[in-house]
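The values are calculated or read from the model by the stated rules, or taken from the named source; none is laboratory data. Remember, predicted model here, so these are calculated numbers, not experimental data. No Cβ is skipped: glycine too gets one built from the backbone with ideal geometry, and neighbour counts run over all protein chains shown. Note: areas computed on protein heavy atoms with side chains; ligands, DNA, RNA excluded. Shrake-Rupley method; radii C 1.70, N 1.55, O 1.52, S 1.80 Å.
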Amino acid sequence: MMPSTLHRRRAAFHFSQCYEDFCCSHGACPLSMVTARSKETWLECSGERVRPTDWIPLCKALQMNKSLELVRIAFDPSREQLGKSRRGQSAPAGVKPGTAGYQVAASRMDRSAVVRLVCRSLGSLIRVSPTLTVLGLEGVWLRFDDITLLAKGLSRSSRLQTLSLAHCRIGDSGAEVLCAALQCSRAIQQLDLSSCGLTWKSAPFLAKLIEQHANWRYAYLWQASLRQVRANTDGVSGLRRLTLCANPLMGDRSVNMLMDTLQDDIWIKAIAVHGLLLLCCRCYCCACVAIAVHVAIAVHVLLLLCMLLLLCMCCYCCACCYCCACVAI
């Protein structure tokens, strides 16, 4: 374990040092893809290249870290079916319990325990880190308990801006828990739920999330107007980009619901719906109308600025002519 509490606090701001200390305490060899990084503000690793027994020191280092700004852990989605087929099997007959071979074999057959450990550490990282802005956990099937562990950290996050759960197959129940947690996070700006197994039942949760963030922004503008302060609408935090690609079961009903929600929202920049089975023409029309509204607003603002510029130039020319006439007289 760590020598002292002071050493723990100092190591929380140096991820590599903290990770190496936990590896020494667990008798594991530090991974080169973790220690070879010259910068300590980001961490990217492939989950398939990490042995099950090496996850323990890595997750413990993540739980107490306060210096990382970007964390991305990617698994291979094609190997998830192989991992699920191996779960529940007994250990090999020739391997004795308590040995290193038994631990490795048991860990390979129970990938859900590794995923649960990773989700618990990431939830703690989101909750305690004052610098984390980008988080990605991709390519692994997350169960309801795993999403709950992440949601506990997301509900208390004040700095996380980008969250990616692509190819995690969270389903409608996981989307409900995730959206409920993100309603309490005002810093989130980008959410990626590509290929997560969502259906039309997830649309109300996503619509409520967009509506909640819009209400916060309107409340902020209203408070700024009471103080007679010019508010920066582009600088207001909240959700701006939502990616829902490769979720074919969402269909027309989900897109119609999202388009109805966007009628009163002027902050959402993009919603990606590539790969959805859209059979109704109204979905395309609503999407085109929403884009046209944003373009029209931008064009009107640009025309207004041009008119003001021309007016200023005319006033300046008139003032110059008046001065010249006075000098001539």
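When the solvent-accessible surface of protein heavy atoms is calculated with a 1.4 angstrom probe, in what order do Met257, Met250 fall, highest first? Mind showing how you got there, number by number?
Working: Met257 65, Met250 5 Å².
Sorted descending by solvent-accessible area, the residues read Met257, Met250.
A simple spin-label model places the labels of Thr199 and Arg116 2.7 nm from each other, with each point 7 Å out along Cα-to-Cβ.
Applying a threshold of 26 Å to the alpha-carbon distances of Lys60/Lys152; Lys66/Lys269; Lys66/Lys152 flags Lys66/Lys269 as lying beyond it. Subtracting the Cα-Cα distance of Val229 and Met33 from their residue separation scaled by 0.36 nm leaves 65.7 nm.
For Glu48 and Ser158, a Förster radius of 41 Å and the Cβ-Cβ distance give a FRET efficiency of 0.80, rounded to the nearest 0.05. Shape class of the stretch 145-235 from the Cα gyration tensor (axes a ≥ b ≥ c, square roots of the eigenvalues): prolate, since a/c reaches 1.5 or more and a/b is larger than b/c. Summarising the label geometry, the points placed 7 Å from Cα in the beta-carbon direction at Ser25 and Ala180 lie 3.4 nm from one another.
What's the extension gain from Arg127 to Asp76 if we count 0.36 nm per residue and subtract their Cα-Cα distance?
Details: separation 51, 0.36 × 51 = 18.36 nm, distance 2.69 nm.
Using 0.36 nm per residue and subtracting the Cα-Cα distance, I get 15.7 nm.
Accessible area per residue for the stretch 124-189 is 37 Å², calculated with a 1.4 Å probe on protein heavy atoms, without ligands, DNA or RNA.
Only sites in a loop by DSSP and with at most 15 other Cβ atoms within 10 Å count here; which trypsin sites (Lys or Arg not before Pro) in the stretch 110-162 make the cut? Don't skip to the end; give the middle numbers.
Numbers: sites: Arg111, Arg116, Arg120, Arg127, Arg143, Lys152, Arg156, Arg159; in loops: Arg143, Arg156, Arg159.
In loop regions of the stretch 110-162 (DSSP not H, G, I, E or B), the sparsely surrounded trypsin sites (Lys or Arg not before Pro) are Arg156, Arg159.
In straight-distance terms, cross-link reach from Lys208 covers every one of the aspartates and glutamates whose alpha-carbon lies under 17 Å from its own, apart from those fewer than eight places away in the same chain; here that gives Asp172, Glu176, Asp192, Asp260, Asp264, Asp265.
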